[in-house]
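Chemist: Here's a structure for you.
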Amino acid sequence: MDLKGFDQPGSAAAGKTRSVKVMIAGGFGTGKTTMVRSVSDIKPLTTEETLTQASADVDHLIGVADKTETTVSLDFGKISINDSLMLYLFGTPGQERFWFLWNGLFKGALGAVVLVDTRRLASSFRAIEEMERQNVPFVVALNVFPDSQEYPIEEIRDALDISPQIPVVACDARDRTSSRDVLVALIRHLKERSAVALESR
């Protein structure tokens, strides 16, 4: 990928590898840990704990009844997009009771992927609101589950109330190539935003 004109704080000198912090966000059970695991070049750090009956009234499992574990802090992995760009991936916890951790996780993030389950669009509303509140550029990735229905992208965009400038892509978070394509879409989005900002100066 050509990264000429890709603007970021602390860019490395020519011939060096740039490191970029990227958030993987979304609602409870949308596939954040799965994406980090599938795409990371290293064995990812995860903080998953077993869901118990004690959390039944807190963690609403509608649509994700088969889920047995949940992230309680963060997920971490990394991937080399090419010889000059390394992405450090930070997956956020999805349950509302852990959202207080988000502020710290977002510090220094250049961009984010918001994973969306089209069966439960509302579960990712908060993640999108947080991106907009913290002014973090993002792409929306529609994680395709076996029983997901296919909807026109514009219907999804309207339902999520996001602008036409925000890319919306379909993916399978279990598949490394598909997850990598989402990250490439994010980098392209960041590069385009950077080019527009430079032109407006």
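The values are calculated or read from the model by the stated rules, or taken from the named source; none is laboratory data. Everything quoted here is computed from the prediction, not taken from an experiment. Cβ placement follows ideal geometry from the backbone for every residue including glycine, while neighbour counts extend to all protein chains displayed. Keep in mind that these areas ignore ligands, DNA and RNA; they rest on the heavy atoms of the full protein, side chains included. Shrake-Rupley method; radii C 1.70, N 1.55, O 1.52, S 1.80 Å.
Chemist: Give, as a single signed number, the net charge of other residues whose beta carbon lies under 12 Å from the beta carbon of residue 119, with Lys and Arg counted +1 and Asp and Glu -1.
Modeler: Taking every other residue near residue 119 into account, the sum is -2.
Chemist: With the crude spin-label approximation of a point 7 Å out along Cα→Cβ, what separation in nm comes out for residue 132 versus residue 169?
Modeler: Each label point lies 7 Å from its Cα, and together they span 2.3 nm.
Chemist: State the percentage of accessible surface on region 105-201 attributable to carbon and sulfur atoms; use a 1.4 Å probe and exclude ligands, DNA and RNA.
Modeler: With neighbouring chains kept in place, the figure for region 105-201 is 49 percent.
Chemist: Could you state the principal axis extents of the C-alpha atoms in region 104-148, from the largest down, to the nearest angstrom?
Modeler: Computed over region 104-148, the largest-to-smallest principal extents equal 36, 16, 15 Å.
Chemist: Can you give me the convex hull volume of the Cα atoms of region 112-201, divided per residue and expressed in Å³?
Modeler: 93
Chemist: Additional query: Starting with the highest mean, order 22-35, 162-175, 105-118 by the number of other Cβ atoms within 10 Å, averaged over the residues of each peptide.
Modeler: Ranked from most to least packed, the peptides come out as 22-35, 105-118, 162-175.
Chemist: Net charge near residue 131, counting Lys/Arg +1 and Asp/Glu -1 over other residues with Cβ under 15 Å of its Cβ?
Modeler: +3
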